[in-house]
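Shown next, in structure tokens, is the structure this report addresses.
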Amino acid sequence: LYLYVVDHGEKNGTFLIDSGQILTAAQLDTFLDVLEENTGRVSIVILEACYSGSFIDQVGDTDRVVFSSSAADKYSFLSDGGDVSFSQFLSTHLLSGYNWEESFDLASNDLTVIGAPYSGMNPQKAIGSQIVLGKVFGDFSLASFLPKVKTYTEAGAVDINIEQSFSIELDM
């Protein structure tokens, strides 16, 4: 599972999903634990938000990768529609053939080279001890950085033993 989360974070280990909807590091960790236990899949989580490093300790796990765009006490910056951001640099290096850890290190360096305010973000990583990070293969392309949600399946309780369908339509 590749989970990319971008929006506003807070120092207390919370992430703003939408007005009035908050995701905590504990909630994300629980969700991923259940998913991984029931599917046997590894999760790679990329957090692009201020203070996103506050998720690292709680969400990191032996069979999970977590990258944050900033340290727990630092702001994260995006500009030019996301073209200048940690996740854009990370994606560019992945598409250039570097593995995940190399891409993280190169993206962090890119932020340093650009200078302030990006150089102060201090991205964080947690790579589980059971993870072997390879390269991203296949034909794919990056869509618009900030797609607009057209329609989606309304939120509701999900029973793990019942198959359900969810959908989202994006305008790129």
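For the range 96-114, a tally of residues being assigned to a loop (DSSP other than H, G, I, E, B) and touching a residue at least 12 places away in the same chain (Cβ under 8 Å) returns 3.
For the range 85-98, the set of residues classified as aromatic (Phe, Trp, Tyr) and either at pLDDT below 90 or open to solvent by 30 Å² or more (accessible area, probe 1.4 Å) (or both) consists of PHE89, TYR98, listed by residue number. Checking each residue in the range 29-84 for being open to solvent by 70 Å² or more (accessible area, probe 1.4 Å), touching a residue at least 60 places away in the same chain (Cβ under 8 Å) and assigned to a helix (DSSP H, G or I) picks out ASN38, ASP57.
The values are calculated or read from the model by the stated rules, or taken from the named source; none is laboratory data. Keep in mind that what you see is a predicted model, and the values were worked out from it rather than measured. Positions of Cβ are generated from backbone atoms using ideal geometry, with glycine treated the same way; all protein chains shown enter the neighbour counts. To get the accessible areas, we keep the full protein, side chains included, count just its heavy atoms, and leave off ligands, DNA and RNA. Shrake-Rupley method; radii C 1.70, N 1.55, O 1.52, S 1.80 Å.
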